[in-house]
Amino acid sequence: MPFSINNFRAQLQGQGARPNLFEVTVPFPGAVNPGEAGQKMTFMCKGAQIPGADLGMITVPYFGRQIKLAGNRTFAEWTTTVINDEDFAVHAGLTNWMSAINTHGGNEKLINGTDYQVDAQVTHYKKTGEVAKVVTLVNCWPSAVAAIDLSWETNDQLEDFSVTWQYDYWQVNDNLTQTN
């Protein structure tokens, strides 16, 4: 029977993954004097994604038809949402990191080579607390820290801001697969 709820339930052996069981780990580079920002990021990051990837397409025309071949893999930007605490530790750590990549006034790079890049991780947990999947974003760095909205009309909320990250590629390490 195609519409059996029992068949569907049998496929949900773990009762479905929960999008709120995750943590993000970003080790801020030592050259930017991060203080507690990297450690605090794990607790203040309230939103993220397991990143996606796209395969490009090469179209080859042949006698009025088109053959589609797989092209190169590309990785979209990664975005996180961070809760802002009154100490602004994560925000300051991120803006210092970006300033080390390129200063505001002098248009100078204060950090050597690729020392501004780190490997960030998204860890997704099962409801039992066990790790379900770890995704590592290789050579990650912040390219944009969004504005923090302020308003006299906003009550009973915490400030937050989004961060856009660039990275070279991601790797998956879980119990089922290991992708490089």
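Quick rundown of the values:
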| item | result |
| --- | --- |
| Near pairs, Cβ below 8 angstrom, 6+ apart or cross-chain, from the range 6-20 (surrounded by 10 or more Cβ atoms within 10 Å (Cβ to Cβ)) to any residue that is of a type outside the set (A, V, I, L, M, F, W, C) and part of a loop (DSSP other than H, G, I, E, B) | GLY14/LYS126; GLY14/LYS127; ALA17/LYS126; ARG18/LYS127 |
| Candidate set: the range 82-119, residues that are β-branched (Val, Ile, Thr) and surrounded by fewer than 15 Cβ atoms within 10 Å (Cβ to Cβ); chosen: the one modelled with the highest pLDDT | THR103 |
| Exclusive hit being modelled with pLDDT of 95 or more and over 19 Å from LYS40 (Cα atoms), set LYS68, LYS126 | LYS68 |
| Selection from the range 44-69 of residues that are within 15 Å of the chain's Cα centre (by Cα) and open to solvent by 60 Å² or more (accessible area, probe 1.4 Å) | LYS46, GLN49, ILE50 |
| Test: ASN155 is open to solvent by 50 Å² or more (accessible area, probe 1.4 Å), among the polar types (S, T, N, Q) and either farther than 18 Å from GLN39 by Cβ or in contact with a helix residue (DSSP H, G or I) (Cβ under 9 Å, 6 or more places away or on another chain) (or both) | yes |
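The values are calculated or read from the model by the stated rules, or taken from the named source; none is laboratory data. As the structure is a prediction and not an experimental result, all values here were calculated from the model. Virtual Cβ from ideal backbone geometry, glycine too; neighbours counted across all protein chains shown. These area figures cover heavy atoms from the full protein model, side chains too; ligands, DNA and RNA do not enter into them. Shrake-Rupley method; radii C 1.70, N 1.55, O 1.52, S 1.80 Å.
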